[in-house]
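A short worksheet on the structure shown next.
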Amino acid sequence: MQINFYALNLNCRQSQETIDLAHQVIFFHGKVSSGKSSIARLINFCLGGSLERTIAIQKEVISVSLELAIGRYRVLLERNAASSSVVTATCMDDRGQSFTLNVPVNAGTQPVFADKVYSLSDLIFYLLDINVLRIPAKKNEQENAAMVRLTLKNFMWYCYLDQSKLDNSFFRHEDGTKTKSSKEILKYIFQYSTQKLYELQEKLQKKKKERFSKQMTAEGLRDFLKRFKFSSEEEIDFLESNTKTKLEKAKLEKKQIEAGYTSSTHTVDQLRDEIRMIISDLIILEQGIIDIEKRIEQQDSLKSELVSSKFKVAKNQTVANVFHGIAFINCPDCGTNIAKRKIPEDSCKLCLSPIGRDKPEINEQSEVIQIDLSERIRELEASIDLHKKALNKSKKEFSAKQKLRHELDQKLQHDLKQYESIFLSNVRAIDNSVSTLSERLKSIHRMKVMPREIKKLENEAIDLIKEEKDLKRKINEETANFVRGEQLIEELEITFLEILNEVGMPGISKKDKVSINRSNWDVNILPAGEDYLRWNFYNAGSGGKKTLFNSCFLLAIHIVAAKNDLPLPTFIIIDTPMKNIDKEVNTDIFKSFFDYLYKIASTILDKTQIIIVDNNYIPPGTNVKIDFMHRYMESGNAQNPPLIPYYEGP
């Protein structure tokens with residue numbers, strides 16, 4: 001995993017600071033509170049780790065970015081210092097093609113790039129052309145154990161030794177929440193486990209989960225069907241045939257009832273005909289009554305007019321008799337004096353109308369008119385009387401037929417109600433039966449496919465068992481290939497012992513033996529090869545021995561990885577490898593450790609970038625040829641400024 005750093009950039013409130021990292025070995029040293037450890041923590045922060053927020057970082061640092069090479073890509077990682085959960089990554093490959101994206105530190109539910117990048121760690125693996133590693137979440141391989149992803153943070157346990165945990169933690173092995181993943185990383189690095197094995201184990205877990213689901217579904221469905229006698233196709237076929245027979249019988253019975261209703265209802269048809277005839281007569285009678293009433297009304301009106309005329313004739317005769325022979329002096333209408341007018345002979349003195357001497361008398365004419373009007377009135381009265389008699393007769397006949405119709409209607413309703421209540425009751429019962437049997441038959445048709453589906457699920461479960469056996473065989477074959485892994489672990493044991501002797505670890509001799517437990521990965525020292533005298537990190541005694549133990553074991557891991565091209569990031573960050581060791585008292589240990597570090601950096605680890613943070617500085621010898629840079633840091637020293645030059649505070 002070729003990863004190398006170029007520069008760390010800090011965007012502070014009052015300045016822009018750049019820390020040069022473009023060297024193979026970099027040594028940051030100086031006095032306390034100058035920001036040495038913060039450099040290592042900020043590198044880890046840009047790679048997705050957490051950050052110890054010192055007062056200086058909280059008050060002054062706005063954002064931080066890391067320039068580095070990942071595989072064949074040049075990458076810039078930018079992250080807000082205020083606990084941002086997103087990192088902005090700008091990547092450019094060796095052909096000049098680039099892309100930029102915001103990628104979450106922790107994996108989300110949706111990919112953010114290339115359909116397989118869910119987090120910053122995934123992006124780094126993608127740039128390294130490495131598939132994301134997954135391991136079972138449980139210690140024991142349960143059927144439903146979920147697979148969890150390993151991230152770059154897991155690899156960082158073997159690349160970055162933090163000062164705060166250097167003497168009280170051994171690569172997370174004692175941390176219950178991280179124990180399994182820390183061991184799995186070691187197994188993966190030293191080919192005691194492979195990506196192929198992880199993939200096979202993940203496939204096996206998926207197949208087991210799928211098979212278990214199908215088996216439980218099939219068993220549940222079969223138990224459900226047994227309660228309703230649907231457990232086999234034969235039972236369902238028998239039930240289907242029986243239901244069809246009952247349904248056909250019910251439909252036939254319904255037809256018979258409907259036919260019986262048609263034949264039975266003809267007995268009331270005669271009654272209906274009588275009612276229809278009566279209704280027809282009532283309509284005729286009603287129209288006749290209306291016509292007679294109109295005729296009577298017309299004759300009454302004419303009679304009234306004749307009586308009125310008779311009175312007018314009598315009145316005219318009376319007026320003529322009263323005014324006959326009167327000599328008018330003045331006009332009775334307007335009062336004009338007419339006595340002096342010249343009145344023609346045989347003319348009316350008032351209106352000057354000629355008076356015929358030979359015409360019948362007015363009295364005779366009036367009498368004739370009176371006699372004629374009286375005769376006409378008597379004729380009309382006789383006609384009206386006849387019409388009224390006819391009207392009364394028609395009304396009586398209409399009333400009688402109306403009563404008869406009402407009686408026949410009641411009889412018809414009674415007869416129909418008595419029959420239809422029985423008919424409807426029978427029809428409802430048979431309809432319910434037909435409907436129930438039809439729905440039951442539909443349900444049977446749906447249920448008919450259930451045994452087939454259950455059988456299909458069971459067959460699929462059997463096929464999955466075969467696939468599981470095949471996967472287990474492949475897992476066993478892959479595990480059998482771990483001869484190489486065993487050789488690498490043995491090489492790690494030998495290398496670790498050599499380093500301890502080279503740096504002068506107290507209590508170590510060449511006669512001792514290092515033993516790494518393959519199950520729990522505890523690293524034990526066997527004095528003179530005696531198992532009963534074994535000791536390890538946890539009972540090493542002093543804090544200085546624990547610090548040196550961890551630092552040397554980290555170097556051993558990287559040496560074996562470099563020799564055998566194992567999958568491990570090509571950088572080492574050790575924050576205070578000489579923690580708890582006094583330089584003045586243990587000068588030989590100081591010099592031996594750093595001389596050995598510089599020697600392997602120029603030979604075996606020449607492709608590995610090493611960043612050391614410590615209070616005391618020991619430079620490489622003149623005979624060692626490496627790309628080396630050191631920086632002394634001290635608060636208030638303008639020539640050798642701290643991480644944030646202008647900051648003054650705790």
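The values are calculated or read from the model by the stated rules, or taken from the named source; none is laboratory data. The shown structure was predicted, so the numbers you read here are calculated from the model rather than taken from an experiment. Using ideal geometry, Cβ is built from the backbone for each residue, glycine included, and neighbour counts are taken over all protein chains shown.
Counting just the residues of the stretch 517-547 that are over 22 Å from ILE185 (Cα atoms), assigned to a helix (DSSP H, G or I) and among the hydrophobic types (A, V, I, L, M, F, W, C), which one comes out modelled with the lowest pLDDT?
This residue is LEU533.
List pairs: first residue in the stretch 388-411 and within 20 Å of LYS294 (Cα to Cα) and in contact (Cβ under 8 Å) with a residue 24 or more places away in the chain, second residue of a type in the set (Val, Ile, Thr) and assigned to a helix (DSSP H, G or I) anywhere in the structure, Cβ distance under 6 angstrom, at least six positions apart or on different chains.
ALA390/ILE292; LEU391/ILE292; SER394/ILE289
Mind listing whichever residues of the stretch 83-109 are assigned to a strand (DSSP E or B) and farther than 22 Å from LEU42 by Cβ?
Quick first cut of the stretch 83-109, residues assigned to a strand (DSSP E or B) only: 86-93, 98-104.
Result: MET92, ASP93, SER98, PHE99.
One residue is enough: does the stretch 68-76 have a residue meeting the conditions among the small types (Gly, Ala, Ser) and assigned to a strand (DSSP E or B)? Step through it out loud before you land on a result.
To start, the set of residues in the stretch 68-76 that are among the small types (Gly, Ala, Ser) comprises 69, 71.
Pick out the ones that are also assigned to a strand (DSSP E or B) and you get 69.
Within the stretch 68-76, one or more residues are among the small types (Gly, Ala, Ser) and assigned to a strand (DSSP E or B).
Determine if the stretch 557-577 includes at least one residue that is without any contact (Cβ under 8 Å) to a residue 40 or more places away in the chain and crowded, with 21+ Cβ neighbours inside 10 Å.
No.
Can you report the number of residues in the stretch 11-35 which are within 48 Å of the chain's Cα centre (by Cα) and of a type in the set (S, T, N, Q)? Break it down stepwise before answering.
Taking the stretch 11-35 and keeping what is within 48 Å of the chain's Cα centre (by Cα), we get 11-19, 21.
Those still in the list that are of a type in the set (S, T, N, Q) too: 11, 14-16, 18.
Result for the stretch 11-35: 5.
Residue check: is LEU605 in contact with a His (Cβ under 9 Å, 6 or more places away or on another chain), within 23 Å of ASN501 (Cα to Cα) and aliphatic (A, V, I, L, M)? Give the derivation first.
Details: in contact with a His (Cβ under 9 Å, 6 or more places away or on another chain): yes; within 23 Å of ASN501 (Cα to Cα): yes; aliphatic (A, V, I, L, M): yes.
So LEU605 passes the test.
What's the number of the only condition in (1) modelled with pLDDT of 75 or more; (2) within 28 Å of THR436 (Cα to Cα); (3) surrounded by 15 or more Cβ atoms within 10 Å (Cβ to Cβ) that LYS249 fails to meet?
Result: LYS249 fails condition (3) only.
Within the stretch 468-484, identify whether any single residue is over 25 Å from TYR158 (Cα atoms) and of a type in the set (Val, Ile, Thr), and answer yes or no.
Checking the stretch 468-484: at least one residue is over 25 Å from TYR158 (Cα atoms) and of a type in the set (Val, Ile, Thr).
Within the set of pairs 6+ apart or on separate chains, which have a first residue in the stretch 7-36 that is free of Cβ contacts under 8 Å to residues at least 24 places away in the same chain, a second that is among the hydroxyl-bearing types (Ser, Thr, Tyr) and part of a strand (DSSP E or B), and C-beta atoms under 6 Å apart?
As it stands, the answer is ALA22/TYR6, since those pairs meet every condition given.
Specify the residue that is surrounded by the most Cβ atoms within 10 Å (Cβ to Cβ); the eligible residues are those in the stretch 23-78 that are within 24 Å of TYR126 (Cβ to Cβ) and of a type in the set (Phe, Trp, Tyr).
PHE45
In the stretch 633-644, which residues are within 15 Å of ASP20 (Cα to Cα) and within 57 Å of the chain's Cα centre (by Cα)?
MET633, PRO641, PRO642, LEU643, ILE644, listed by residue number.
Can you work out which of the residues in the stretch 44-69 that are under 20 Å from ALA107 (Cα atoms) and aliphatic (A, V, I, L, M) is nearest to the chain's Cα centre (by Cα)?
Here is the first cut: in the stretch 44-69, the ones under 20 Å from ALA107 (Cα atoms) are 44-51.
In the following step, the residues that additionally are aliphatic (A, V, I, L, M) were identified as 47, 51.
Numbers: LEU47: 33, LEU51: 36 Å.
Among residues in the stretch 44-69 that are under 20 Å from ALA107 (Cα atoms) and aliphatic (A, V, I, L, M), the one nearest to the chain's Cα centre (by Cα) is LEU47.
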